[in-house]
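Engineer: Pasting in a structure now, in structure tokens, and then I'll have a few things to ask.
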Amino acid sequence: MVTGAAGALGSMAARTFARAGAKLLLADLSADRLAALADELRGQQGSEVVTGVVDVTDADQVAGLVDRAAELGAPVSVLLNNAGVPMSKTLMESTPDDWRRVFEANVIGTVVPTQACVRGMVRQGYGRIVNVSSITARTSVPQRCAYGATKAAVSNMTQSFAVEFGGHGITVNAIAPSAVVTDMNRDLLASQPEVYRDLMAHTPVGRMCVADDLAGVLLLLASPASAFINGQTVYIDGGFTVM
Ligand SMILES: NC(=O)c1ccc[n+]([C@@H]2O[C@H](COP(=O)([O-])OP(=O)(O)OC[C@H]3O[C@@H](n4cnc5c(N)ncnc54)[C@H](O)[C@@H]3O)[C@@H](O)[C@H]2O)c1
């Protein structure tokens with residue numbers, strides 16, 4: 001199950017899992033983008049796909065989609081908590097409602113699908129949960145104070161959930177990418193050369209992250225091969241956070 005599946009990173013993850021032979025439950029708020037992705041995956045890969053226009057902060061909606069895993073013949077064994085929203089304001093520009101909005105989507109939106117999937121995983125004695133954090137969980141980035149706080153919460157919950165479910169064959173880990181060049185932000189980055197220069201100056205690998213940089217780690221953390229990796233946040237940032 002992939003949440004936020006219709007977005008830039010979610011659709012990359014769905015394609016990656018589909019190529020690996022997964023049957024997919026895809027959740028997003030955007031019906032149009034979900035339908036287009038599902039058509040693509042069914043057409044190009046012959047994948048079995050169930051989609052749900054679901055708000056990941058709504059427990060009933062999420063439970064309804066998780067139940068539909070029966071249509072794919074198996075309960076959810078891998079959950080990618082990818083749905084999230086950005087927030088670009090300084091502390092003094094932001095309102096309490098800005099903070100509530102980003103915490104609701106990024107934190108509650110991780111808790112609810114985890115609760116919905118973990119019962120079945122406990123029954124199976126197997127599960128892989130991968131949360132999407134960010135470099136802002138660990139380092140201060142201008143105008144990302146609220147967003148970074150949500151991602152620090154995601155990384156911290158990753159540790160707590162890993163401890164809570166590790167004895168049930170379930171691992172919980174997170175990936176933490178630096179800014180990923182996507183179709184949506186490519187023009188923005190090009191129009192802000194100083195932001196791009198700053199990022200490059202702090203990225204030893206010397207280029208921006210692209211969505212495909214996440215695929216290998218996602219496959220590992222979603223597979224039985226990662227059975228002894230638990231509670232970790234894997235930074236996929238070209239060395240940004242160690243510089
Ligand atoms: N793009 C980056 O540079 C970057 C870097 C680090 C981490 N991330 C994280 O990666 C994840 C995906 O980001 P992206 O760049 O693909 O963004 P995106 O906006 O392209 O995709 C996010 C998707 O989540 C969906 N979504 C948002 N709130 C939802 C809700 N309540 N219920 C269901 N779906 C919801 C949106 O409809 C959208 O399709 C996010 O958690 C983001 O914080 C992104």
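Engineer: For the chain, which DSSP H helices look membrane-span-like by this rule: Cα extent along the axis of 20 Å or more and mean Kyte-Doolittle of at least -0.5?
Structural biologist: Both cut-offs are met by 109-124, 145-165.
Engineer: Also, I was wondering about something else. Over what distance in Å are the Cα centres of the range 223-239 and the range 30-71 separated?
Structural biologist: A separation of 26 Å, based on Cα centres.
Engineer: Would you kindly state how much longer the chain becomes between residue 205 and residue 60 on full extension, computed as 0.36 nm times their sequence separation minus their alpha carbon distance, in nm to one decimal?
Structural biologist: Values: separation 145, 0.36 × 145 = 52.20 nm, distance 4.35 nm.
Extra length available between residue 205 and residue 60 comes to 47.8 nm.
Engineer: Between residue 241 and residue 115, what FRET efficiency comes out of the Förster formula 1/(1 + (r/R0)^6) with R0 = 25 Å and r the beta carbon distance, rounded to 0.05?
Structural biologist: On the way: r = 30 Å, r/R0 = 1.18.
Plugging the Cβ-Cβ distance into 1/(1 + (r/R0)^6) gives 0.25.
Engineer: Right, something else. Can you tell me the relative contact order of the range 161-243? Whole percent, Cα pairs under 8 Å, sequence separation 6 or more.
Structural biologist: Values: 97 pairs, mean separation 39.6, N = 83.
After rounding, I find 48 percent.
Engineer: Report the net charge of residues surrounding residue 150, where surrounding means a beta-carbon distance below 15 angstrom and charges are Lys +1, Arg +1, Asp -1, Glu -1. Intermediate values should be presented prior to the final figure.
Structural biologist: Numbers: positive: 89, 100, 101, 138, 144, 151; negative: 97, 98, 104.
Local net charge: +3.
Engineer: What residues qualify as long-range amide H neighbours of residue 85, i.e. H under 5 Å apart, gap of 5 or more or another chain, H built at 1.01 Å from N?
Structural biologist: Amide H to amide H, under 5 Å and 5 or more residues apart or across chains, residue 85 pairs with 106.
Engineer: Along the principal axes of its C-alpha atoms, what lengths does the range 1-109 span, in descending order and rounded to whole Å?
Structural biologist: Principal-axis extents of the Cα atoms in the range 1-109, largest first: 50, 26, 22 Å.
Engineer: What nm distance separates the two modelled labels at residue 53 and residue 156, each placed 7 Å from Cα along Cα→Cβ?
Structural biologist: Output for this residue pair reads 3.6 nm.
Engineer: Using a Förster radius of 51 Å, what is the FRET efficiency between residue 229 and residue 95 based on their Cβ-Cβ separation? Nearest 0.05, please. Don't skip to the answer; put the middle values down first.
Structural biologist: Numbers: r = 39 Å, r/R0 = 0.76.
After rounding to 0.05, the efficiency reads 0.85.
Engineer: Obtain the nm distance between the two label points defined at residue 74 and residue 188 by a simple spin-label model: each point lies 7 Å from its Cα along the Cα-to-C-beta direction.
Structural biologist: Taking the simple label geometry, residue 74 and residue 188 are separated by 3.7 nm.
Engineer: Sequence gap at least 6, Cα distance under 8 Å: using those rules, report the relative contact order of the chain to the nearest whole percent.
Structural biologist: Value for the chain: 18 percent.
Engineer: Can you compute 3J(HN,Hα) from phi for each residue in the range 50-57, using the Karplus curve 6.51 cos²θ - 1.76 cosθ + 1.60 with θ = phi - 60°, rounded to whole Hz and x for Gly and Pro?
Structural biologist: 10, 10, x, 7, 9, 8, 5, 8
Engineer: Jot down the per residue volume, in cubic angstrom and as a whole number, of the convex hull over the alpha-carbon atoms of the chain.
Structural biologist: Working: hull volume 30.4 nm³, N = 243.
For the chain, the hull spanned by Cα atoms encloses 125 Å³ per residue.
Engineer: Mean-square fluctuation check for the chain, GNM, Cα pairs under 10 Å: which of 20, 116, 149 is largest?
Structural biologist: 20
Engineer: Show the residues, 5+ positions off or on another chain, whose built amide H is closer than 5 Å to the amide H of residue 48.
Structural biologist: Correct list: 24.
Each reported figure results from applying straightforward, stated rules to the coordinates on display, with no laboratory input. Because the structure is predicted, anything quoted here is derived from the model rather than measured. A quick note on method: Cβ atoms are made from the backbone with ideal geometry, for glycine too, and the neighbour counts reach across all protein chains shown.
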